[in-house]
Amino acid sequence: MEERLKELKAEALDKVDQAVNLKELNEIRVAYLGKKGPITEVLRGMGKLSAEERPKMGALANEVREIISKRIEAKQSELEEAAVLEKIAAETIDVTLPGRPVKAGNHHPLTKVIEEIEDLFIGMGYEIVEGPEVETDYFNFEALNLPKSHPARDMQDSFYITDEILLRTQTSPVQARTMQKHQGKGPIKIICPGKVYRRDNDDATHSHQFMQIEGLVVGENIRMSDLKGTLDTFAKKLFGEDREIRLRPSFFPFTEPSVEMDISCKICGGTGCSICKGTGWIEILGAGMVHPNVLEMSGYDSKKYTGFAFGMGPERIAMLKYGIDDIRHFYTDDVRFLKQFSKHE
Ligand SMILES: [Zn+2]
């Protein structure tokens, strides 16, 4: 019996050593250590042994089991480790392979222009303020010195939701709202970008929806020269240091005096060409000193406070900056058009 156990031990250890995977190893475990295995079989024959021999044989059988079991455990760790290493080797990334190209979008040209203008004014100490696109008649017109009967309302016919609620025709109501929030106390220095709506027929230069950026400064001793200096800095930073500006008298109900600002034509340098229609100047924006009525209506003492405001169309600026000939390009989402601006990122 002792011989048989030693034989089994040698046989089992030999098989364990030769096992190549975990499945095989498990089969060996079941075959030798299982209840139907040869060791159990040998132990069954112990009844035939003498009382002295029995415990000796029992101890030997347990020792054999123990040895086989330990060897199996060791082999198992070895095989498991090998399996992990093999997996890692199989999953190695070949860093020398060229990457797959990622299709990236780019900012819309209007977003680019608006962000550039915002950055410019933030640099001059302005704050960005936004307001609702669905606006009341009061904030869109009346608070801006445009009472119900005012003829200038005809130029800004809107989409009405009710008699008193409409899609805003300008971003100026954000100015009125901001002034009222300040309750008659200055200073205010804001830029208001956003979408506005007018009942216009769409053509190369008109769109029923477009963007506006307005600026408002209210404080003590704000003068026309401050407005001119601000616009001059803005024009030079956005279009180039060599650009000149000129102010022409104009009319807006909410400013007095009012001006239109032109910049010198870059193409001809001021001598006149087809782009500037032979004048040497290109119209950029409207501006003026805030009308005392507008200040008073928003709770400001117009004897103590003065201010200036300006408003521009990012579409027009983008058209001039990038040489775009039709405003509708901005709103028709033609990828061929939009893709051209990726190189300006
Ligand atoms: Zn020109």
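Evaluate the following for Lys343: is it open to solvent by 10 Å² or more (accessible area, probe 1.4 Å), away from the ligand (no atom under 15 Å from the Cβ) and either touching a Leu at 6+ places or on another chain (Cβ under 6 Å) or modelled with pLDDT of 90 or more (or both)?
Against the criterion (open to solvent by 10 Å² or more (accessible area, probe 1.4 Å), away from the ligand (no atom under 15 Å from the Cβ) and either touching a Leu at 6+ places or on another chain (Cβ under 6 Å) or modelled with pLDDT of 90 or more (or both)), Lys343 does not qualify.
Which one of Asp154, Asp163 is open to solvent by 70 Å² or more (accessible area, probe 1.4 Å) and either in a loop (DSSP other than H, G, I, E, B) or among the small types (Gly, Ala, Ser) (or both)? Step by step, each of Asp154, Asp163 is checked, and only Asp163 is open to solvent by 70 Å² or more (accessible area, probe 1.4 Å) and either in a loop (DSSP other than H, G, I, E, B) or among the small types (Gly, Ala, Ser) (or both). Whether any residue in the stretch 205-221 is within 16 Å of the ligand (Cβ to nearest atom) and surrounded by 15 or more Cβ atoms within 10 Å (Cβ to Cβ) is what I want to check. No, every residue in the stretch 205-221 fails to be within 16 Å of the ligand (Cβ to nearest atom) and surrounded by 15 or more Cβ atoms within 10 Å (Cβ to Cβ). Is there any pair linking a residue in the stretch 197-215 that is polar (S, T, N, Q) to one that is open to solvent by 50 Å² or more (accessible area, probe 1.4 Å), with Cβ under 9 Å and at least six apart or on different chains, and which? Between residues of the stretch 197-215 that are polar (S, T, N, Q) and residues that are open to solvent by 50 Å² or more (accessible area, probe 1.4 Å), the close pairs are Asn201/His208; Thr205/Arg316; Ser207/Asp200; Ser207/Arg328; Ser207/Tyr331; Gln209/Lys195; Gln209/Tyr331; Gln212/Lys195. Of all positions in the stretch 127-142, at least one carries a residue that is surrounded by 15 or more Cβ atoms within 10 Å (Cβ to Cβ) and among the hydroxyl-bearing types (Ser, Thr, Tyr). Listed here are the helices (runs of 4 or more DSSP H) enclosed by the stretch 1-99 that have at least 2 residues being modelled with pLDDT of 85 or more: 2-18, 22-33, 53-90. Number of residues in the stretch 14-41 that are hydrophobic (A, V, I, L, M, F, W, C), crowded, with 19+ Cβ neighbours inside 10 Å and under 16 Å from Asn62 (Cα atoms): the value is 1. Under the condition of being in contact with a strand residue (DSSP E or B) (Cβ under 7 Å, 6 or more places away or on another chain), open to solvent by 30 Å² or more (accessible area, probe 1.4 Å), among the polar types (S, T, N, Q) and within 11 Å of the ligand (Cβ to nearest atom), the residues counted in the stretch 236-288 number 0.
The values are calculated or read from the model by the stated rules, or taken from the named source; none is laboratory data. All values derive from a computational prediction rather than experimental measurement. Neighbour counts are summed over all protein chains in view; Cβ atoms, including those assigned to glycine, are modelled from backbone coordinates with ideal geometry. To get the accessible areas, we keep the full protein, side chains included, count just its heavy atoms, and leave off ligands, DNA and RNA. Shrake-Rupley method; radii C 1.70, N 1.55, O 1.52, S 1.80 Å.
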